[in-house]
Amino acid sequence: MELFHERINELIDILYSKEKDSISDASKLIADAISNGGVIHTFGTGHSIGFGMEMSGRPGSLACIHQINTSDFVLKGLVTLADFKDQKNIFERRPGIAEKLYDLYNIQKEDAFIIISNSGINGLVIDMAILAKERNHKVVVITSLKHTKAEASRHPSGKKLYELADVVIDNCGPQGDALIEVDGAKKICSASSITGGFIAQSLTTETCRILDEKGCFIPVYRHNDTEGNVAFNNELKEKYKGRI
């Protein structure tokens, strides 16, 4: 535990030092979208789903964050649960389905995307980034550059996710994600969930600072501890109804 504490704090310090300018650039892009009435769509598969959860739906988070989730294919009857869970044809590695997923939602021209993948080499996230760029949305990518540059793309184009971004934020994690070498296992203790949480909250903080400097309304949920806060949150939900 002490070793993990040491290593993860070292990694966070490296991330902050190396990527703070990229986080600021991404926050400007996000703030511009929000000030123009846009929604920010987060998309990741596997453990990267957690990034959108970290960034949305609770006190202190921006109300205009929408999480795109591949499980909506099942919920809306587009694929069976068995097909979705098929380990011989892993869903997140399939190219050619991003447009169907995009069309499930009320995505508007003012909206921007945050696309998260530690490896940045799988078909679905790359297809979503290509589609978002084709439709003139700004795209922020969160990835591990060490990981993605060490492995071949699984997309037919040969492209990797970071190559499609307006802004790339490197989570600075190692190839394979795990931090600590131990006897009996090659490595343990994955880092990307923690670095992802740090990036998500840093984006929220910096975006709110920029919106405040621009004199824009800051759409952040409040704690439901008073009737006034409950009413404020309900107004935010109504403002973005059908989009988040």
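Computed over protein heavy atoms with a 1.4 Å probe, the accessible surface of the range 86-244 works out to 51 Å² per residue. Length, then width, then depth: along the principal axes, the Cα atoms of the range 78-204 run 49, 37, 26 Å. For the range 178-233, list log₁₀ I(q)/I(0) at each q in 0.12 Å⁻¹, using the Debye formula over Cα point scatterers of equal strength and ignoring solvent, two decimals each. Once normalised to I(0) and log-transformed, intensities are -0.54.
Model label sites at Glu151 and Ile12, defined 7 Å from Cα along the beta-carbon direction, differ in position by 2.6 nm.
Compared with the alpha-carbon gap, the fully stretched path from Lys214 to Glu134 is longer by 25.9 nm at 0.36 nm per residue. Across the cross-link table entries Lys100/Lys237; Lys18/Lys109; Lys18/Lys187; Lys133/Lys159; Lys100/Lys133, which are compared at the Cα atoms, the separations over 22 Å belong to Lys100/Lys237; Lys18/Lys109; Lys18/Lys187.
Rounded to the nearest whole angstrom, the semi-axes of the ellipsoid equivalent to the range 18-107, taken from the Cα gyration tensor as √(5λ), stand at 28, 15, 13, largest first.
Less than 5 angstrom separates the built amide H of Ile107 from none of the residues sequence-distant by 5 or more or on a different chain. Across Ser119, Ser27, Ser153, mean-square fluctuation computed from a Gaussian network of the chain (C-alpha pairs under 10 Å connected) peaks at Ser153.
Could you work out the relative contact order of the chain, using alpha carbon pairs under 8 angstrom and six or more residues apart, expressed as a whole percent? So the answer I get is 25 percent. Rg/Rh for the range 134-244 (Cα atoms only, Rh after Kirkwood) is 1.10. Which of these values of Kirkwood radius over Cα pairs in Å was calculated from the structure shown: (i) 23.1; (ii) 18.8; (iii) 18.1? Among (i) 23.1; (ii) 18.8; (iii) 18.1, the one calculated here is (ii). Here's how it looks for His41: its modeled amide H is under 5 Å from those of His66, Ala112, Phe113, Ile114, which are all 5 or more places away or on a different chain. What the Cβ-Cβ distance of Ile180 and Phe84 gives, at R0 = 41 Å and to the nearest 0.05, is a FRET efficiency of 0.80. The portion of the accessible surface of the chain made up by carbon and sulfur, rounded to a whole percent, is 49 (1.4 Å probe; DNA, RNA and ligands excluded). Computed on protein heavy atoms with a 1.4 Å probe, the accessible areas place Met128, Met1 in the order Met1, Met128, largest first.
The values are calculated or read from the model by the stated rules, or taken from the named source; none is laboratory data. All values derive from a computational prediction rather than experimental measurement. Virtual Cβ from ideal backbone geometry, glycine too; neighbours counted across all protein chains shown. Protein only, heavy atoms only, side chains kept; ligands, DNA and RNA dropped before computing areas. Shrake-Rupley method; radii C 1.70, N 1.55, O 1.52, S 1.80 Å.
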